[in-house]
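The values are calculated or read from the model by the stated rules, or taken from the named source; none is laboratory data. The structure displayed is predicted, hence computed values, not measured ones. Quick reminder, even Gly has a Cβ in these numbers, built from the backbone with ideal geometry, and neighbours come from all protein chains shown.
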Number of protein chains: 2
Amino acid sequence: MRLSRLLGERYREQPSEALLISHAFMLRGGYIRQVTNGIYSLLPPAKRIVAKIEDIIRQEMDAIDGQEVLFPVVMSSELWEESGRYSAISSELVRFKDRGGRNMVLGMTHEEAAVHLARTEAKSHTKYPFMIYQIQTKFRDEARPRGGLIRVREFTMKDAYSFHTSQECLEQYYDEAYKSYERIFKRAGLKDAFAVKSDNGMMGGSVSHEFMSECEQGEDSVVSCPVCGYKSNMEVAESILEKFTGGVKFDSLEKVSTPDCKTIEDVAQFFDAPVQQMMKAVVLKAENSDKLVIVFLRGDYEVNETKVRNVVQANVEIATGEGTVAEHPCYGFIGPVGINKDNFTIIYDRSLEGLESVVCGANEKDFHYKVPSIAEYMGDAEFVDVSKARAGDTCAKCGDGKLEIKRAIEIGNIFQLGTKYSEKMGMRYTDVDGELKTPIMGCYGIGVGRLMASVLEALHDDRGPIWPMSIAPWQIHLCTIRPNDENVKAKAEELYSSLTNKGFEVIYDDRNESPGVKFADADLLGVPVRVVVSPKNLDQGCFEVSTRDKEINDMVPVDNIEEYVRKLIDDKLSQLI
Amino acid sequence: MRLSRLLGERYREQPSEALLISHAFMLRGGYIRQVTNGIYSLLPPAKRIVAKIEDIIRQEMDAIDGQEVLFPVVMSSELWEESGRYSAISSELVRFKDRGGRNMVLGMTHEEAAVHLARTEAKSHTKYPFMIYQIQTKFRDEARPRGGLIRVREFTMKDAYSFHTSQECLEQYYDEAYKSYERIFKRAGLKDAFAVKSDNGMMGGSVSHEFMSECEQGEDSVVSCPVCGYKSNMEVAESILEKFTGGVKFDSLEKVSTPDCKTIEDVAQFFDAPVQQMMKAVVLKAENSDKLVIVFLRGDYEVNETKVRNVVQANVEIATGEGTVAEHPCYGFIGPVGINKDNFTIIYDRSLEGLESVVCGANEKDFHYKVPSIAEYMGDAEFVDVSKARAGDTCAKCGDGKLEIKRAIEIGNIFQLGTKYSEKMGMRYTDVDGELKTPIMGCYGIGVGRLMASVLEALHDDRGPIWPMSIAPWQIHLCTIRPNDENVKAKAEELYSSLTNKGFEVIYDDRNESPGVKFADADLLGVPVRVVVSPKNLDQGCFEVSTRDKEINDMVPVDNIEEYVRKLIDDKLSQLI
């Protein structure tokens, strides 16, 4: 490909809309253009990268006996009613009526389609286990698309579904898929990708893992223990709670005016008591109920919405903004003393366990209670874990290490689904003993575009991406200096056609631009090997070969160039296996 | 792949819902399953075929300097409002609101997306010409999906868009694309595919061609001249009209009661006059007007809706059914004598030109007029061509041959779009002279799934598909007879792994089934080369090799098998170039 013909302008200015590095470089390098909020077109360099990532994924899926299929993007609502997700999922699921007035949806995942396909084709135990996968467009109407390809509404996803006749078989396959994912991410250039335990969320099922790539701008928090290696998504991270003893002791219940106390810290200061003795209330709205959820927890802990969701068995979000309880004058002063427990779903976090004297809201604006012993107001409270693990907390797994928290991007996930979908959708097979049974499922996803963006987040310098050889849009960036010099032009053209004919992937900058412009563009395209043809180099009978990662910068005799770059490419590829 | 593991049941019964051969075999062979009306999932054999077709298309698009991109399936309505198609296209275009209440559409073609992408990236004449293409899911809410993958609502399409600075450049590229399409269809196995002139329809522009594959069950009628080779879609086919002279002569205008005359032939018989003297009326509903369109034409001609559409510049459909003019008592008795011409858009077909005495409807139930000279009732009628060419008509191109009509399936199309989209969507580039100009576009489509089905329509016998080597799901079908025979099993397993390791694509029927079942399944999978391992063959030191097209049936010594099948595969492939 000649760079002069390549569609996609490159530019130097930092795009104002791009907060993430990958977003900025993909705009600046002519990889992507936004069509509408959270929906992008891919230009040729991005499409080439994506195709290579898809090939890697396909090879690894085939290697674990995956059978590639294709499900539709558009499905009738009936399938989703069978699984129960038509009503369980809110506005993320796009619904529309077709010309015949039938309710349709755009696939955001394809468990329903997979069961629909498999339930007529796998009626005998002899067919099991099997895995089917597809690489295809999905649509998820995200409320807040962000970060270029990191969180979009339309995206290409590899989604795989396995079917088993026993939990043991599922677990064995799940391990294979886990290892397959490790290979995929390593081959794509993310050698430091790692898996964490995660929450199954709307997918259902029990065990699940997310694969993560560390990234300062990532949306996820990952909790890890440097001692035992425990790793978990913050959503489900567990830690050993440090019980609080000591502090101030109150003698009697007393309602106190606390004007101008905006924060927990203000209140603590007002009462001259440690923040651990402050009892905090967080109000959430649950999707399945009109009753608000109130979580009480110790002042130095934060609520973990995912853990709350798993307690109330419904999506929850913190109630804020217009028209919510946040406008109520008592908001910010909620406490368990005298509250009407019938009106709310009340949850006590385990951080409260064992506390004696506390300060809590008096359910009246600008008033707090001093409570000598909180236990009597909590009744037969069951303490549950609905708070976030904190950096420095003790690891719950080894009981030794102090937890660390990092930001990361989720690049893939695997789920043990169990029979959630197969049961509801009436999928049955005849077992060896002639009995009808329900298959056990696993599912396995990778967002292709997000993976590309995550590689860029991990592998770049301040001038552009440093694409790994395995997924680079081209292998070789051939660049002329003084292209009007006849010898330069002739040698470059000859090299271009000989390399291309031998199957090398070459982007050839044949433009009549300054070296500065050419090198800046080359940096933005991030091609691993650069070959420069210049009068100076040719005088020495050489081409100049360098790598985007700066490891190599060599003068290579003209006659050796092909052998040299072949070895270089092979070396780079072998580092990714 | 072991057949025992392959997902997808095969069966022998003719599926009642399948009228087309391709539909029936794709269901029976485990290639496709319907998810909902006109929407299918592809099972592994179909997915493998589709992937190979996509590869062929990709290679040929790259060979004519195509740059692969990816546009989104979901777009905001704004782009489609820019081009005017948001209102111009009716219910085929799926519209919905996203969670923010914005109007969105599902892409049915991507001219808008292509211009959106290209208009920011090709502002200088130096970038032209260029072509971008994608292979991606489209959705078109067809009123009447039919024939399995022949007419569906969701489909994978290769759509390409070229941009030029002159009509000459467009025409030159159009020719290249034309030849590229010929190569694609030949490589996919349709050596008899041919191009016909076609109507541009909703795409706009002037010249266009459809590529066709002959098929008895095809939806399209193709008109061809055996003398000069003229080929045209019926929609735009031209012929030399045979003027009618002679017949009966009426002396005066006379209204005649014509009870029980249901058809034109009945009326002709009633008046004892040739059908050419009957004046027929066809009533159509146009999308852009409340006025009905009435086409008058000679009794022996049929109306061509596409030609009418091009006259009234709007989609039309023949008004029939409940709540239409077809319920009016005059319907079936419409004539130009005394009709209120202000209430209708009236079109006279050129078949009427020069007629004198005719019989026409009297605008009253069961009455006709005998008209001595029709000219006075038609006023200054302009005669236009809105009737269908007929088999046996004289070719308009050479004036010699007698036209033939065949049924065919459209497998691809190419359009010279002109500036329809670029003009409306404000795409401009700076020309050599510094002036802002509007690029000229072409577009080029191939439906991938339909192409697969069309190959099956063309290449099959009564037991299943005969896939061409280039797109067959596998190259070799390895089949055991008496798989419980230790020697058979050992030799088959050994052959399977050695062929697979050497890169051959093998489907291995390792099941313990009867030869009858195995061969029936092999026929349904349509793999070009079959290798049978049986005790009898092994006694002779041979495998039995045959081809699905029955050209070859050989005993091949065990040691020669690899060389033999390699040559066979190469031969089969070379026949497709």
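What pairs come up if the first residue lies in the stretch B:196-210 and is on the phi < 0 side of the Ramachandran plot and modelled with pLDDT of 75 or more, the second is surrounded by fewer than 18 Cβ atoms within 10 Å (Cβ to Cβ) and not in a strand (DSSP E or B), and their beta carbons are under 7 Å apart, counting only those six or more places apart or on different chains?
What qualifies is B:209/B:178.
Yes or no: the stretch A:174-182 includes at least one residue that is in a loop (DSSP other than H, G, I, E, B) and in contact (Cβ under 8 Å) with a residue 24 or more places away in the chain. Working first, answer last.
The initial filter retains those residues of the stretch A:174-182 that are in a loop (DSSP other than H, G, I, E, B), namely none.
No.
Name the residues in the stretch B:234-256 that are hydroxyl-bearing (Ser, Thr, Tyr) and loosely packed, with under 11 Cβ neighbours inside 10 Å, would you? Spell out how you get there, then give the answer.
Here is the first cut: in the stretch B:234-256, the ones hydroxyl-bearing (Ser, Thr, Tyr) are B:239, B:245, B:252.
If the condition is that a residue be hydroxyl-bearing (Ser, Thr, Tyr) and loosely packed, with under 11 Cβ neighbours inside 10 Å, then B:245, B:252 are the ones that fit.
Output yes when any residue across the stretch A:57-76 is more than 7 Å from chain B (Cβ to nearest Cβ), of a type in the set (Asp, Glu), under 30 Å from residue A:315 (Cα atoms) and within 24 Å of the chain's Cα centre (by Cα), and no when none is.
no
Against the definition (part of a helix (DSSP H, G or I) and at pLDDT 90 or above), how does residue B:373 come out, yes or no? Break it down into steps so the answer makes sense when it comes.
On the way: part of a helix (DSSP H, G or I): no; at pLDDT 90 or above: yes.
No: the conditions fail for residue B:373.
For the condition more than 7 Å from chain A (Cβ to nearest Cβ), in contact with a Lys or Arg (Cβ under 8 Å, 6 or more places away or on another chain), under 21 Å from residue A:51 (Cβ atoms) and surrounded by fewer than 19 Cβ atoms within 10 Å (Cβ to Cβ), what is the one hit in B:92, B:54?
Among B:92, B:54, only B:54 is more than 7 Å from chain A (Cβ to nearest Cβ), in contact with a Lys or Arg (Cβ under 8 Å, 6 or more places away or on another chain), under 21 Å from residue A:51 (Cβ atoms) and surrounded by fewer than 19 Cβ atoms within 10 Å (Cβ to Cβ).
Yes or no: residue A:189 touching a helix residue (DSSP H, G or I) at 6+ places or on another chain (Cβ under 6 Å), closer than 19 Å to residue A:410 by Cα and not in a strand (DSSP E or B)?
Working: touching a helix residue (DSSP H, G or I) at 6+ places or on another chain (Cβ under 6 Å): yes; closer than 19 Å to residue A:410 by Cα: yes; not in a strand (DSSP E or B): yes.
Taking the combined requirement at face value, the residue satisfies it.
Examine the stretch A:148-155 for a residue that is more than 10 Å from chain B (Cβ to nearest Cβ), hydrophobic (A, V, I, L, M, F, W, C) and more than 29 Å from residue A:438 (Cα to Cα), and state whether such a residue exists. Spell out how you get there, then give the answer.
Narrowing the stretch A:148-155 to residues more than 10 Å from chain B (Cβ to nearest Cβ): A:148-151.
So of that shortlist, the ones also hydrophobic (A, V, I, L, M, F, W, C) come out as A:149-150.
If we keep only those that are more than 29 Å from residue A:438 (Cα to Cα) too, we end up with A:149-150.
Within the stretch A:148-155, one or more residues are more than 10 Å from chain B (Cβ to nearest Cβ), hydrophobic (A, V, I, L, M, F, W, C) and more than 29 Å from residue A:438 (Cα to Cα).
Which residue, of B:280, B:307, B:262, B:255, is under 30 Å from residue B:88 (Cα atoms) and not aliphatic (A, V, I, L, M)?
On the way: B:280 fails: under 30 Å from residue B:88 (Cα atoms); B:262 fails: under 30 Å from residue B:88 (Cα atoms); B:255 fails: under 30 Å from residue B:88 (Cα atoms).
Just a single option satisfies the conditions, and that option is B:307.
Take the residues in the stretch A:146-198 that are hydroxyl-bearing (Ser, Thr, Tyr) and within 30 Å of residue B:75 (Cα to Cα); name whichever of them is surrounded by the most Cβ atoms within 10 Å (Cβ to Cβ).
Pass one, the stretch A:146-198, residues hydroxyl-bearing (Ser, Thr, Tyr): A:156, A:161-162, A:165-166, A:173-174, A:178, A:180-181, A:198.
From what's left, within 30 Å of residue B:75 (Cα to Cα): A:156, A:161.
Details: A:156: 23, A:161: 28.
Within the stretch A:146-198, the match that is surrounded by the most Cβ atoms within 10 Å (Cβ to Cβ) is A:161.
Within the stretch B:7-29, is even one residue surrounded by fewer than 19 Cβ atoms within 10 Å (Cβ to Cβ), at the interface with another protein chain (Cβ under 10 Å from one of its Cβ atoms), more than 26 Å from residue A:77 (Cα to Cα) and of a type in the set (A, V, I, L, M, F, W, C)?
Applying the first criterion (surrounded by fewer than 19 Cβ atoms within 10 Å (Cβ to Cβ)) to the stretch B:7-29 yields B:9, B:11-19.
Now drop any that are not at the interface with another protein chain (Cβ under 10 Å from one of its Cβ atoms), which leaves B:9.
Now restrict to residues that are more than 26 Å from residue A:77 (Cα to Cα): none.
Among the residues of the stretch B:7-29, not one is surrounded by fewer than 19 Cβ atoms within 10 Å (Cβ to Cβ), at the interface with another protein chain (Cβ under 10 Å from one of its Cβ atoms), more than 26 Å from residue A:77 (Cα to Cα) and of a type in the set (A, V, I, L, M, F, W, C), which makes the answer no.
Select from the stretch B:211-247 the residues that are of a type in the set (A, V, I, L, M) and in a loop (DSSP other than H, G, I, E, B) and list them in ascending order.
At the first step, the residues of the stretch B:211-247 found to be of a type in the set (A, V, I, L, M) are B:212, B:222-223, B:227, B:234, B:236-237, B:240-241.
Within the stretch B:211-247, B:227, B:237, B:241 qualify.
Does residue A:334 satisfy being closer than 23 Å to residue A:380 by Cα and part of a loop (DSSP other than H, G, I, E, B)?
yes
Here are A:275, A:316, A:325: which of them is closer than 20 Å to residue A:199 by Cα and not charged (D, E, K, R)?
Details: A:275 fails: closer than 20 Å to residue A:199 by Cα; A:325 fails: closer than 20 Å to residue A:199 by Cα.
Only one candidate qualifies: A:316.
May I ask you to say which residue of B:280, B:291, B:255 is without any contact (Cβ under 8 Å) to a residue 24 or more places away in the chain and among the basic types (Lys, Arg)? Can you show your working first?
On the way: B:291 fails: without any contact (Cβ under 8 Å) to a residue 24 or more places away in the chain; B:255 fails: without any contact (Cβ under 8 Å) to a residue 24 or more places away in the chain.
Matching residue, one of B:280, B:291, B:255: B:280.
Got at least one residue in the stretch B:306-328 being assigned to a loop (DSSP other than H, G, I, E, B) and either in the same structural domain as residue B:87 (by TED's automatic domain parsing) or in contact with an Asp or Glu (Cβ under 8 Å, 6 or more places away or on another chain) (or both)? Talk me through it step by step, then tell me what you get.
First, pick out the residues of the stretch B:306-328 that are assigned to a loop (DSSP other than H, G, I, E, B): B:313-315, B:319-324, B:328.
Still in the running and either in the same structural domain as residue B:87 (by TED's automatic domain parsing) or in contact with an Asp or Glu (Cβ under 8 Å, 6 or more places away or on another chain) (or both): B:314-315.
Looking for residues that are assigned to a loop (DSSP other than H, G, I, E, B) and either in the same structural domain as residue B:87 (by TED's automatic domain parsing) or in contact with an Asp or Glu (Cβ under 8 Å, 6 or more places away or on another chain) (or both), one finds at least one in the stretch B:306-328, hence yes.
Which condition does residue A:463 not pass, out of (1) in contact (Cβ under 8 Å) with a residue 60 or more places away in the chain; (2) more than 21 Å from residue A:215 (Cα to Cα); (3) surrounded by fewer than 24 Cβ atoms within 10 Å (Cβ to Cβ); (4) not assigned by TED's automatic domain parsing to the domain that holds residue A:67, if it passes all the others?
So residue A:463 meets the others, but not (2).
Out of all the residues in the stretch B:99-127, which are free of Cβ contacts under 8 Å to residues at least 12 places away in the same chain and facing another protein chain (nearest Cβ under 10 Å)?
Residues of the stretch B:99-127 free of Cβ contacts under 8 Å to residues at least 12 places away in the same chain: B:99-101, B:120-121, B:126.
Across the stretch B:99-127, the qualifying residues are B:99, B:100, B:120, B:121, B:126.
Name the residue that is farthest from residue B:189 (Cα to Cα), counting only residues in the stretch B:30-51 that are hydroxyl-bearing (Ser, Thr, Tyr) and within 10 Å of chain A (Cβ to nearest Cβ).
Step one: of the stretch B:30-51, the residues hydroxyl-bearing (Ser, Thr, Tyr) are B:31, B:36, B:40-41.
Then keep just the ones that are within 10 Å of chain A (Cβ to nearest Cβ); that gives B:36, B:40-41.
Values: B:36: 30, B:40: 24, B:41: 24 Å.
By that ranking, first place goes to B:36.
What are the pairs, 6+ residues apart or on separate chains, where a residue within the stretch B:563-577 that is under 19 Å from residue B:184 (Cα atoms) has its Cβ under 6 Å from a residue that is among the hydroxyl-bearing types (Ser, Thr, Tyr) and modelled with pLDDT of 95 or more?
Final answer for the pair search is B:576/B:470.
Regarding residue A:445, is this residue surrounded by 15 or more Cβ atoms within 10 Å (Cβ to Cβ) and assigned to a strand (DSSP E or B)? Quick ask: steps written out before the conclusion?
On the way: surrounded by 15 or more Cβ atoms within 10 Å (Cβ to Cβ): yes; assigned to a strand (DSSP E or B): yes.
Judged against the criteria, residue A:445 is a match.
Just the residues that are part of a loop (DSSP other than H, G, I, E, B) and touching a strand residue (DSSP E or B) at 6+ places or on another chain (Cβ under 9 Å), please, taken from the stretch B:420-442. Show your work before the answer.
Of all residues in the stretch B:420-442, those part of a loop (DSSP other than H, G, I, E, B) come to B:425-428, B:431-435, B:438-439.
Result: B:427, B:428, B:431, B:438, B:439.
For the stretch B:467-552, list the helices (runs of 4 or more DSSP H) that sit wholly inside it and hold at least 2 residues that are hydroxyl-bearing (Ser, Thr, Tyr) and out of contact with any helix residue (DSSP H, G or I) (no Cβ under 8 Å at 6 or more places or on another chain); which are they?
B:486-501
What number goes with the only condition from (1) buried (at least 22 other Cβ atoms within 10 Å of the Cβ); (2) under 25 Å from residue B:181 (Cα atoms) that residue B:40 does not pass?
In the conditions (1) buried (at least 22 other Cβ atoms within 10 Å of the Cβ); (2) under 25 Å from residue B:181 (Cα atoms), residue B:40 misses (2) alone.
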